[in-house]
Amino acid sequence: MSSVRFRRDIQGLRALAVSAVVIGHAFPQILRGGYVGVDIFFVISGFLISGIIVREIEDDRFSVVNFYRRRICRIMPALIVVLFVTMAAGAFLLGPRGYSELAHTAIGTSLFYSNFSFAKGNGYFDDAVNLKPLLNMWSLAVEEQYYIFFPPLFIALAKWLKPQARGCIILVLILFSLLTAEIWRQFSADVAYYMLPTRAFELLIGALLSLGSFAPIRNASMRAFTSCLGLAMMLTGIIFFTAATPIPGVAALLPCVGAALLIHAGSHGHESFGGALLSAKPIVYIGSISYSYYLWHWPVLAFLRNVIQNDLPPVIAGSALVLSALIAIVSYHAVERPFLSTRNRSLPHFKLGAVAILVMVAICGSVIWFRGLPERFSPSARTFFAGSEDTNKRRDSCHYDGGVRLVPYAASCKFGATGVEPDVAVWGDSHGVELTAYLGEKAAREGRSVRELTSSACPPALNFTFPERPRCAKANSQTLQGLIRDKNIRTVVLVANAERYLDKISLAAGLKKSLMALVVAGKQVIFVKQIPVMPFNVPEKAGLLAQYHLSLNHLGTHRPDAERDLEKRVWPNVTNRNRNVRFYDPKTTLCDVDWCFAYKQGVGLLYYNGEHLGLTGVRFAFHNLAASLYQSPPAAGAGGD
């Protein structure tokens, strides 16, 4: 079994993991697989902590109280400081909605269930999560949940089974967790990313090593090869993995097994060449401060993104990492080390931890109870914050959220005049929700109605697969068949947030198939081009600008950023010259030559978050579309092409 000696190579491995994470978070376009560092951390933790548990059980000196006292000493002091500072900063830098969300996640973090909170929201790689100051705490929750459930397992294994049998049981659990990850990801990749059952195999790989299930590598050359292979496997994941890599699951074995190989090569009192590469003093020091660095870097980046914009300029992102490192150094020496000192072992750690958590929960509960403390802001600022409510009031009941149960075509919602079958349908992802409500308003005046066929993160593209929505292809096939059979529908409006989907080629091909199938069925098709996506939450940003008496006239984004590569990679491949197909471009109204606006003087806020137009924005941008459908006089300069 491995020794309890201080492992410089493992400290270096921690440095590699935290460096990958922080660089990937600050520069996601440069290091897209930086998130692999978390997988490496799980393996390290599984090896070290599980090893301690197993050794103490075998020596008949394991104490649950002492184990959790050590966990409290290790985890809580720095974490509590981060939470208090983050809540204090949020009082100045976040609007009511953002501050209330922060309070929810701070409670989840202090009670170690924040991964459940984040699993209900956006996916880990969505732009919206970049604004959540405590997102990185999900991994801490997973790890602590592991150490709630697994000590009893290790006690049972040590008491009833021989060492070899223990390893077999852990291996079975690893395979079961991997299978769970692969299956769960097919139904909800977002949820699977954050959950313990789908992540447990990463911690268990480390635990399997700690059981001494593998013979030591005596040959120095073989240790060098094994350690370098492990290092290469981890670097491959860090450099080449992307948001599209199916994580968690079998793909995660590459960095996780790589970490295990490097750890094993340096076990049993031996040293390895790969471990020596990670054992330089500066690297080991980064490993020492890695916990504090991991805690602090994300709140700093998230607050900057809230204040400035989602995509931080490289100089600011780099400065944020330097600032986070400096804070981490202070945190390590002033907070972490004193509580880990043997001189403080007599402190009432459970009581101190419980009091700190209760105070945090009380503060956050007050923020939630008073709806984010809007009284912090002026009346004009609160008016802008209220823009987040400018949505389709039937969104929750009419918009399919991508869950397991598909909504039958006949059960989809109708907007407009009652008792009238729709002659227009809006088919798309979430960008069609508010558009349907607006067209329903116009249709009602004409005694007509509109059908809503929208599904979260599911563009109207046949055979298109999106990792976060594995049932999208089936939902689209069902929707298309419903439209073809529905003789009342004469016009179908196709709308998609094409910026969100990485595989633009498959997206364009799927959109073209849907369009052609509808044309063959005799439908008129109106294809809505991409609205500008804002790199910030619009109502929150507008409210803060109003609070500090700053102009909103240039609240928006550069038009080249809004168009990006869609005009080259998507729309030309969808274009069809059939007279029953036309395109509608909302940017004609929402943008001038250089700039796309999130606010228009005399109109108001156009978005209810960063990615979706509110009803005000839809009425402004789609007036001409409604006019063409419902014979209203078109507004001068309204969009369309």
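The values are calculated or read from the model by the stated rules, or taken from the named source; none is laboratory data. Remember, predicted model here, so these are calculated numbers, not experimental data. Note: ideal-geometry Cβ built from the backbone for every residue, glycine included; neighbour counts use all protein chains shown. Areas reflect the complete protein model, heavy atoms only, side chains present, ligands, DNA and RNA absent. Shrake-Rupley method; radii C 1.70, N 1.55, O 1.52, S 1.80 Å.
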log10 I(q)/I(0) for region 113-245, Debye formula on C-alpha points only (no solvent), q = 0.16, 0.18 Å⁻¹, two decimals, reads -1.01, -1.16
Across the alpha-carbon set of region 203-355, Rg over Rh with Rh taken as the Kirkwood radius works out to 1.04
Per region 15-148, sqrt(5λ) over the Cα gyration tensor eigenvalues, sorted largest first, in Å, gives 29, 20, 12
Asserting the computed 222 nm helical MRE of the chain (DSSP H runs at least 4 long, -39500 (n - 2.57) per run, divided by residue count, to nearest 500) equals -18000 deg cm²/dmol
Longest principal axis of the chain (C-alpha) makes with the long axis of helix 314-331 (C-alpha) an angle, in degrees to the nearest 10, of 40
Looks like the chain, by Cα gyration tensor root eigenvalues a ≥ b ≥ c and the a/c under 1.5 rounded cutoff (else prolate when a/b is bigger than b/c, oblate otherwise), is prolate
In whole Hz, the Karplus estimates of ³J(HN,Hα) for region 534-544 (6.51, -1.76, 1.60; θ = phi - 60°; x where Gly or Pro) are 8, x, 6, 7, 5, x, 5, 5, 5, x, 5
For region 268-333, the percent of accessible surface on carbon and sulfur atoms (probe 1.4 angstrom, ligands and nucleic acids excluded) is 75
Cα pairs beyond 22 Å in region 294-374, in percent, come to 52
XL table Lys120/Lys523; Lys523/Lys600; Lys541/Lys587; Cα-Cα > 26 Å flagged, in table order, is Lys120/Lys523; Lys523/Lys600
Taking Cα pairs closer than 8 Å and at least 6 residues apart, the relative contact order of the chain in percent is 15
For region 142-230, the accessible surface attributable to carbon and sulfur atoms (probe 1.4 angstrom, ligands and nucleic acids excluded) amounts in percent to 75
Of 504-510, 204-210, ordering from highest average Cβ density within 10 Å down gives 204-210, 504-510
Yeah, region 1-90 with a ≥ b ≥ c from its alpha-carbon gyration tensor (a/c under 1.5 is rounded, else prolate when a/b outruns b/c, oblate otherwise) is oblate
In degrees, nearest 10, the alpha-carbon axis of helix 196-210 is tilted away from the dominant principal axis of the alpha carbons of the chain by 20
Label model pair Asn66, Ala354: point-to-point distance (7 angstrom along the Cα→beta-carbon line) in nm is 2.2
For Thr236, Thr436, the accessible-area ranking with a 1.4 Å probe, largest leading, is Thr236, Thr436
For Phe415 the rounded accessible area (nearest 10 Å², probe 1.4 Å, non-protein molecules ignored) is 20
Those trypsin sites (Lys or Arg not before Pro) from region 420-492 that are DSSP loop and have at most 15 other Cβ neighbours within 10 Å turn out to be Lys487, Arg490
Put Trp184, Trp296 in order of accessible area, largest first, probe 1.4 Å, and you get Trp184, Trp296
Yeah, region 349-473 with a ≥ b ≥ c from its alpha-carbon gyration tensor (a/c under 1.5 is rounded, else prolate when a/b outruns b/c, oblate otherwise) is oblate
Regression test value, accessible area per residue of region 436-494, probe 1.4 Å, units Å², expected 37
